[in-house]
Amino acid sequence: MASEQTQEMLDCTIINGKEGLPTLILAHGAGADLSSEFMTDMAGRIATHGVRVVRFNFPYMIKRAQDGKKRPPDRAPKLIDAYSDLIEALNTPCVIGGKSMGGRIASMLANGSDVPAQVQGCIALGYPFHPPGKPDNLRTEHLLRLTTPTLIAQGTRDAMGTKEEVLGCGLDKTLELVWLEDGNHDLKPRKASGFTHDAHLEATAKHVADFVKRCL
């Protein structure tokens, strides 16, 4: 039986895509919940490519919705445990992932020492390789030697990890990197670049869906 906390997470899930399709579990970033514009749009796009996308809120975000008080994310170990409990409760073969912080937590879980048996792959959308303005404060230790197939979609000018910075991190050679030219942390390019946000989001959704299907 799921714990009260896990049941609350299950109760707030939003699912795009039909039952029986390959499943992607998608976590939100630090400041915006499962219903943010990016999460809603990306989940819908991925689902059109034949993937069932399950979005959820971490416990701290559920509490924020309940009492209206803004609170920072819990520490990584607590977020990892909550994500793991949700996976166990859903109990289906899956790829896990998320936007920014959600992708970081998913990748730490997928490439950690206690990976749920259901997890067959991991994706991150705009990975926070370092805090903005602090390129030496890297969050890449678990990405240097992967144990689970992992894909990261990253804008080339992301303030939390540009292409030049990321390629110099010595990441595991099996890591799949999808680069969105001139994209920022939300994969959005500048108008003068000649690229469009819509095209970048659609390309990312296709890459993610193909990766999920390969893993499952």
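The values are calculated or read from the model by the stated rules, or taken from the named source; none is laboratory data. All of these numbers come straight from a predicted model, not from anything done at the bench. Using ideal geometry, Cβ is built from the backbone for each residue, glycine included, and neighbour counts are taken over all protein chains shown. We work out accessible area using only protein heavy atoms, side chains counted, and drop any ligands, DNA or RNA first. Shrake-Rupley method; radii C 1.70, N 1.55, O 1.52, S 1.80 Å.
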(request) Could you please let me know if ALA106 is in contact with a helix residue (DSSP H, G or I) (Cβ under 8 Å, 6 or more places away or on another chain), of a type in the set (Gly, Ala, Ser) and either buried (at least 17 other Cβ atoms within 10 Å of the Cβ) or closer than 27 Å to PRO72 by Cβ (or both)? (result) yes
(request) Filter the range 1-32 down to residues that are under 20 Å from ARG52 (Cβ atoms) and acidic (Asp, Glu) and give me whichever is modelled with the highest pLDDT. (result) ASP11
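Here's the yes/no breakdown for (1) open to solvent by 10 Å² or more (accessible area, probe 1.4 Å); (2) under 18 Å from GLY97 (Cα atoms); (3) without any contact (Cβ under 8 Å) to a residue 24 or more places away in the chain:
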residue	(1), (2), (3)
PHE129	no, yes, no
LEU146	yes, yes, no
ALA153	no, yes, no
GLU164	yes, no, yes
GLU176	yes, yes, no
LYS188	yes, no, no
SER193	yes, no, yes
(request) Select from the range 2-27 the residues that are part of a loop (DSSP other than H, G, I, E, B) and either on the phi < 0 side of the Ramachandran plot or among the acidic types (Asp, Glu) (or both) and list them in ascending order. (result) ALA2, SER3, CYS12, THR13, LYS18, GLU19, LEU21, PRO22
(message) Whether any residue in the range 81-101 is of a type in the set (Gly, Ala, Ser), at pLDDT 95 or above and open to solvent by 50 Å² or more (accessible area, probe 1.4 Å) is what I want to check.
(response) no
(message) Out of the residues in the range 28-39 meeting the condition of being touching a residue at least 24 places away in the same chain (Cβ under 8 Å) and not in a loop (DSSP other than H, G, I, E, B), tell me which one is farthest from PHE58 (Cα to Cα).
(response) PHE38
(request) Look at the range 35-54 and say how many of its residues are over 15 Å from LYS206 (Cα atoms) and open to solvent by 10 Å² or more (accessible area, probe 1.4 Å). (result) 5
(request) Please tell me if ILE25 is in contact with a strand residue (DSSP E or B) (Cβ under 7 Å, 6 or more places away or on another chain), closer than 26 Å to PHE211 by Cα and open to solvent by less than 40 Å² (accessible area, probe 1.4 Å). (result) yes
(message) The conditions are (1) part of a helix (DSSP H, G or I); (2) within 24 Å of GLU4 (Cβ to Cβ); (3) touching a residue at least 40 places away in the same chain (Cβ under 8 Å), and LYS63 fails exactly one of them. Which is it?
(response) (3)
(message) With the structure loaded, tell me whether THR150 is among the β-branched types (Val, Ile, Thr), in contact with a strand residue (DSSP E or B) (Cβ under 9 Å, 6 or more places away or on another chain) and more than 23 Å from ILE25 (Cα to Cα) or whether it fails that test.
(response) no
(request) Can you tell me which residue within the range 1-21, out of those that are under 16 Å from the mean Cα position of the chain (by Cα) and not polar (S, T, N, Q), is least open to solvent (accessible area, probe 1.4 Å)? (result) ILE14
